[in-house]
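Report on one structure; see the data block that follows.
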Amino acid sequence: MNILVVSAWCPYPADNGSRLRAYNLIRELAGQGHALTLIALGQDDSDLAGAQEPLEQLCTGGVTLFPSRFFQSGTWRAKLGFFSPKPRMLLDTFQPDAARAIAKECRSAGYDVILALEVGIAHYIPNDAAAPCVLDQVEVSSFVREARESASLRKRLRLGLMVAKFCAHVASLAPRFACWTAVSALERDAIIHLIGPRAAPIIHVLPNGVDLEHNAPAAENNYDPNAVIYNGALSFYANRQAVEHFAGDILPLVQRKRPQAHLLVTGKTDTLAPDDPLRSHLSVTLTGYVQDIRPVVQSVAVCVVPLRQGGGTRLKILEAMALGVPVVATPQAAEGIEAVSGEHIVIADAPQEFADAVLRLLDSPEERARIAQGGRQLVEAQYGWRALGTQLAHILQGQPAKSRRN
């Protein structure tokens, strides 16, 4: 197939969840022999010049990268967004040059299918695209949960308005696309519930995945028996909240029985203030951005994921499982992963329950090895990117020209 890929993120380097998914799906489609042309937005932290050549090796039809930026709530466009029916984030970050280039390319002949990666780029796709369009990774549950669980009435009302705008926007996208994908059956059902079965197009479940060859278990079982890790950048609000929750509410309970227990946190720390308590926490080590996260994850006894917000399928969990490191996670963190607690993963919620689960794995190398082996077997069976890339290709090949939206 000749495929036009339009991405909300610059896929290289693949250093966060959205970029990992985009890069691996592009790599797998290219590896199957499909001809790809890529147009992508690059946020503030993207090295567009450094990404050009690696992406051109996969996308032989050409790569065009447009500078973009993250949402800034204080800009005049963001403030005007309060009076618009469209989500403020999309208005604030809209890039006219990219929109014109994407619309022109979508209207040109020669593509068998157009693949839009994430909702953040979907409104750039014109209604009169010349080929059928598929929208990947539609996600709504994280917005809804944040609005429902907010502590203050003012914030619930503000987030409720955001959710209403977002759901209306998602519903308005349906006529442009032949089908969507969601990362889990739970996410698919949430989408249908929020925008209505009549508004939703066909939604295929296409989970997140992991590179099984790149993320292989360590040959030697050398790890710090007192160390646990959270492998997620603190620049993302849900990661920050999860780390603060673990450091403040769970780690002290673990340390009552294992005083040497300590937490490693990977990812960029440039959003943390110099006097942020996490920087001076005696039992928390902030590694900063690491080029290769594998040896860091494999140096600890347990991967902890005490997330309480967010949606989708947690790539950090799948990566730890593939690397042979057992995972303790909250029910919210493990949503969308078909894992059985006590077999592939350990699910725990309340602070004492979570601490007890971590302690069981720290205290028992046999139990740690058993859960680690179960996790690896699960990702081998269901979450390899190669199989998921094949599944996506089948979805794209199943879009006949008659499904074009005019």
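In vacuum, with every alpha carbon of the range 241-294 counted as one equal point scatterer, what does the Debye formula give for log10 I(q)/I(0) at q = 0.25 Å⁻¹? Two decimals, please. Taken in order of the listed q values, log10 I(q)/I(0) reads -1.05.
The angle separating the long axis of helix 351-363 from the principal Cα axis of greatest extent in the chain is about 70 degrees.
Within 10 Å, count the other beta carbons around each residue, average over each peptide in 112-119, 80-87, and list them highest first.
On the way: 112-119: 23.6, 80-87: 14.1.
Per-residue mean Cβ counts within 10 Å order the peptides as 112-119, 80-87.
Solvent-free Debye calculation, one equal scatterer per alpha-carbon of the range 295-386: log10 I(q)/I(0) at 0.15, 0.17, 0.19, 0.24 Å⁻¹ equals -0.49, -0.63, -0.80, -1.28. Its residue count N fixes a reference of 2.2 N^0.38 Å for the chain, and the Cα radius of gyration divided by that reference is 0.99. Bridging of Lys316 to lysines at a Cα separation below 28 Å is possible for Lys257, Lys268, once same-chain residues fewer than 8 apart are set aside. Here the Debye sum runs over all C-alpha atoms of the range 224-382 as equal scatterers in vacuum, and log10 of I(q)/I(0) at q = 0.18, 0.20 Å⁻¹ comes out as -1.07, -1.35. When peptides 91-97, 257-263 are ranked by their average number of other Cβ atoms within 10 Å per residue, the highest-first order is 257-263, 91-97. The alpha carbon convex hull volume per residue for the range 86-224 rounds to 183 Å³.
Pairs exceeding 23 Å between alpha-carbon atoms, taken from Lys79/Lys155; Lys79/Lys104; Lys86/Lys155; Lys79/Lys165: Lys79/Lys104.
Summary of the geometry: the range 298-352 and the range 240-286, compared by the centres of their Cα atoms, lie 18 Å apart. Simple rule: put +1 on each Lys or Arg Cβ and -1 on each Asp or Glu Cβ in the range 133-249, find the dipole, and look at Pro225, Cys133, Phe166; the Cα lying farthest toward the positive end is Phe166. Placing +1 on the Cβ of every Lys and Arg and -1 on the Cβ of every Asp and Glu, with nothing else charged, gives the chain a dipole about its Cα centre of roughly 1540 debye.
Since only Ala339, Ala273, Pro351 are under comparison, the one whose Cα sits farthest along the positive direction of the charge dipole of the range 224-382, derived from C-beta charges on Lys, Arg, Asp and Glu, is Ala273.
Close amide H partners of Thr64, meaning residues 5 or more places away or on another chain with modelled amide H under 5 Å apart, are Leu38, Ile39, Ala40.
No lab work stands behind these numbers, since they all come straight from the coordinates. Computed from a predicted structure; not experimentally measured. FYI the Cβ positions are ideal-geometry reconstructions off the backbone, even for glycines, and counts take in every protein chain you see.
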